Amino acid sequence: MIGKRVSGFLGLPAAIAGLGLAGGANAQPVVGIPHQWQMAFPPSYTTVMDKVESLHNLLLVIITLISLFVLALLLYVVFRFHASRNPTPSMVTHNTVLEIAWTIVPILILVVIAIPSFRLLYYSDKAPDAAMTVKVTGHQWYWQYEYPDQGNFSVDSRILAEADRVKQKPQVPRLLAVDNEMVIPVNTTIRIIGTGADVMHAWTVPGFGIKKTVIPGRLNEGWINVEHEGYYFGECSQICGNNHTYMPIAVRVVSKAEFDNWVEQQKKAAGLTAPTGLASATIPANR
């Protein structure tokens, strides 16, 4: 296990996009929250999610065309080969041209789908020149975020009980409020490595286009680079036991200066820095 655990309270603001409440020293918008009657993807906040949405749109066109073609074919068959129009059934057993066509055409469709799919997989797999790493560990049932590049400390993120949510963070949607968020700097490539401490979990933030299954005994890697400050939400998307429903993911994206200040606070809380204001002792040399 990397680092030391840090406890503490980090404020989480309101539950509608664009609403800013004080989070530390600065007010930040809350984004990435689901809303009623939402049908499409959530808004994209990373380039990875942009590419996921682009692939989805391509697949939607292909699937729609295939569905319409199959529907038209079924309607034609029902009309053209109805029993009243064909009292004597056809005895055709095969058609070489048709069999070649329904073999070649699906292969071509799969190739068209495979090329952008593999590009997306390779693009989202490894972090390009990551500035820092955050290790995500899934526990039953909370998240632990470790910062090996910032002094080797960690933060535990647990869901707030409903009574505490209402009292401390009433604007946050139920089942999404946590005591400590994962904090990262804006416009920075962050390598995410994940593992499980007990069973399989999945660290998933839809707006980031990331869904990493974290498995005990191995590390899975992904990356994010969020372009705007704010609060973003996700959920554990791998059934992991009795309290699987109560593993929300909250990510706070801040300016680089604010992130540095937050890191210093966490390091002090973990006892990783010397108290300020203490003069260093000088030991005189022996004469």
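What the table below lists for this structure:
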read-out	value
Near pairs, Cβ below 6 angstrom, 6+ apart or cross-chain, from region 206-224 (not assigned by TED's automatic domain parsing to the domain that holds R252) to any residue that is in a helix (DSSP H, G or I) and surrounded by fewer than 22 Cβ atoms within 10 Å (Cβ to Cβ)	none
Selection status of S237, more than 15 Å from V136 (Cβ to Cβ) and either out of contact with any helix residue (DSSP H, G or I) (no Cβ under 8 Å at 6 or more places or on another chain) or surrounded by fewer than 20 Cβ atoms within 10 Å (Cβ to Cβ) (or both)	no
Residue list for region 234-269, restricted to those being of a type in the set (F, W, Y) and within 26 Å of G151 (Cα to Cα)	F259, W262
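The values are calculated or read from the model by the stated rules, or taken from the named source; none is laboratory data. Remember, predicted model here, so these are calculated numbers, not experimental data. Glycine also receives a Cβ, built like all others from the backbone with ideal geometry; neighbour counts cover every protein chain displayed.
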